[in-house]
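The values are calculated or read from the model by the stated rules, or taken from the named source; none is laboratory data. This one's a predicted model, so the numbers in the text were calculated from it and none came from an experiment. Neighbour counts are summed over all protein chains in view; Cβ atoms, including those assigned to glycine, are modelled from backbone coordinates with ideal geometry. The accessibility values were calculated without ligands, DNA or RNA, using every heavy atom of the protein model including side chains. Shrake-Rupley method; radii C 1.70, N 1.55, O 1.52, S 1.80 Å.
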Amino acid sequence: MSVPFLDLKAINQVHAAGLEAAFKRVLNSGWYVLGAETAAFEASFAEYCGSAHGIGVANGLDAIFLILKGYGIGPGDEVIVPSNTFIATWLAVSHCGARPVPVEPLEGTYNLDPARVEAAIGANTKAILAVHLYGQPADMAPLQDIARRRGLKLIEDAAQAHGARYHGGVVGQLGDAAAFSFYPGKNLGALGDGGAVTTSDDALAERIRTYRNYGSKIKYYNQVPGYNSRLDELQAALLAVKLPALDGDNQRRRAIAAIYQQELAGIAGLVLPEIPSWAEPVWHLYVVRHPQRDVLAKALAEQGVGTIVHYPVPPHLQPAYADQGYKEGDFPLAEAIHREVLSLPIGPTMSEAQALEVCAAVRKALNA
């Protein structure tokens, strides 16, 4: 049995009738940017996340950038970021003119280590940018405490965590603001690119709405030097079709992850994800670690199992950050993680039989 890493065609085919109806509705409306479809989705997504405001933007990177920009973070400022994450988290900080300050994670969850965060705060620190990596919520309570005591903004990068819960609360309401991506492969994915900010900060929401639309509140009158970063009407309409199914899709991902957790436990050299008692991950990715990651990936590919490495090179060793002077060994935990991680297939249309096939292939590859 061939098991693809993610079958986007199958995922969207489930919603085909609703997606086609939404497309026709937008097509026939004659209004394609910042209209009723976007406003309706923004309201629904904000309610889902337990936030007062949802602001649709062009993509997840812009969502983070506009939050930082909305809080006035810029040149001379520093923002705490994870040392292991997709580079977009760092890029948003850099695009503001601020400096990303990397902090190593807790090895079990791959998310920010609050103790290391406290130690990394300096005179120029303005915010903590916590990533809910792979769909696993970061430990937010200690980060909330640090941010409150030190007068910092706490921002969630929830691009991979739509619907994840922390102590029962949905991500997107656990900090001052949260950034989401609707890239097609996300748990809530568009049929193109898209993103959103959720927040209960009225002033921030107003600033982001202005920034995303050329710095304009009234057409052709521009209050600030803004940007063009808008979730278009079509993607908003399509996302609105898929939002009611999100919790069910996430539950299916949990069922697949549970099979992996049970069937792959105890295999020598294979490190499985840890799940804290307070966390309800949504398993955007199911990521294992193995010292012979590339050999394992090749062996799985030969058996028809699709895998992806998220991510092969940590941000501090990317050419994009060569001017920061980082070298190999500066963040050894992030480097070890990026050398060893491998994402196994997971998605809302996967069957139990496919999950068991993946487990059998892993055991065969590792002679377990």
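Between Lys219 and Ser2, the FRET efficiency estimated from the beta carbon spacing at R0 = 41 angstrom works out to 0.20.
Per-residue 3J(HN,Hα) values for the range 351-362, derived from phi via the Karplus relation 6.51 cos²θ - 1.76 cosθ + 1.60 with θ = phi - 60°, read 9, 4, 4, 5, 4, 5, 5, 4, 4, 4, 5, 5 Hz in sequence order (x marks Gly and Pro). Taking every protein chain into account, the accessible area of the range 157-234 amounts to 40 square angstrom per residue (probe 1.4 Å). Split the accessible area of the chain by element, probe 1.4 Å, and carbon with sulfur accounts for 54%.
Only alpha carbons enter this Debye calculation for the range 230-309, each as an equal point scatterer, and the log10 of I(q)/I(0) it gives at q = 0.13 Å⁻¹ is -0.60.
Each other residue within a Cβ distance under 14 Å of Asn28 adds +1 if Lys or Arg and -1 if Asp or Glu, for a net charge of -1. Derived scalar couplings between HN and Hα for the range 229-240 equal 9, 10, 6, 7, 4, 5, 5, 4, 5, 5, 5, 5 Hz in order, rounded to whole Hz, by the Karplus curve 6.51 cos²θ - 1.76 cosθ + 1.60 (θ = phi - 60°), x for Gly and Pro. A cut-off of 5 Å between modelled amide H atoms, ignoring neighbours fewer than 5 places along the same chain, links Lys153 with Ala127, Ile128. Sequentially through the range 203-215, phi angles give Karplus couplings (6.51, -1.76, 1.60; θ = phi - 60°) of 5, 4, 4, 5, 5, 5, 4, 6, 4, 5, 10, 6, x Hz, Gly and Pro residues having no value and appearing as x. Looking at the range 1-153, I'd like the Rg to Rh ratio, where Rg is from alpha-carbon atoms and Rh is Kirkwood's inverse mean 1/r. The Rg/Rh ratio comes out at 1.06. Taking a ≥ b ≥ c as the square roots of the eigenvalues of the Cα gyration tensor of the range 235-368, is the shape rounded (a/c under 1.5), prolate (a/b larger than b/c) or oblate? Oblate is the answer for the range 235-368, as a/c is 1.5 or above yet b/c matches or exceeds a/b.
With all projection directions averaged, the alpha carbon convex hull of the range 1-62 covers 6.5 nm². Judged by the mean number of other Cβ atoms found within 10 Å, the most tightly packed of the peptides 156-167, 95-106, 230-241 leads the ranking 156-167, 230-241, 95-106.
Straight-distance candidates among the lysines for linking to Lys69, with alpha-carbon spacing under 21 Å and chain neighbours fewer than 8 residues away dropped: Lys126, Lys153, Lys217. Given R0 = 41 Å, the distance between the Cβ atoms of Asp145 and Gln262 translates into a calculated FRET efficiency of 0.70. Packing, as the average of other Cβ atoms within 10 Å across residues, places the peptides 350-356, 44-50 in the order 44-50, 350-356, highest first.
For the range 243-363, with every protein chain kept in place, what is the accessible area per residue (1.4 Å probe, Å²)? Spell out each step's value before the answer.
Values: 5220 Å² over 121 residues.
On a per-residue basis, the range 243-363 sits at 43 Å².
Calculated mean residue ellipticity, 222 nm, the chain: -12000 deg cm²/dmol, from DSSP H runs (n ≥ 4) at -39500 (n - 2.57) each, averaged per residue and rounded to 500. Panel values: the chain, Kirkwood radius from alpha carbon pairs, Stokes-Einstein at 4 °C and 1.567 mPa s, translational diffusion coefficient 61 µm²/s.
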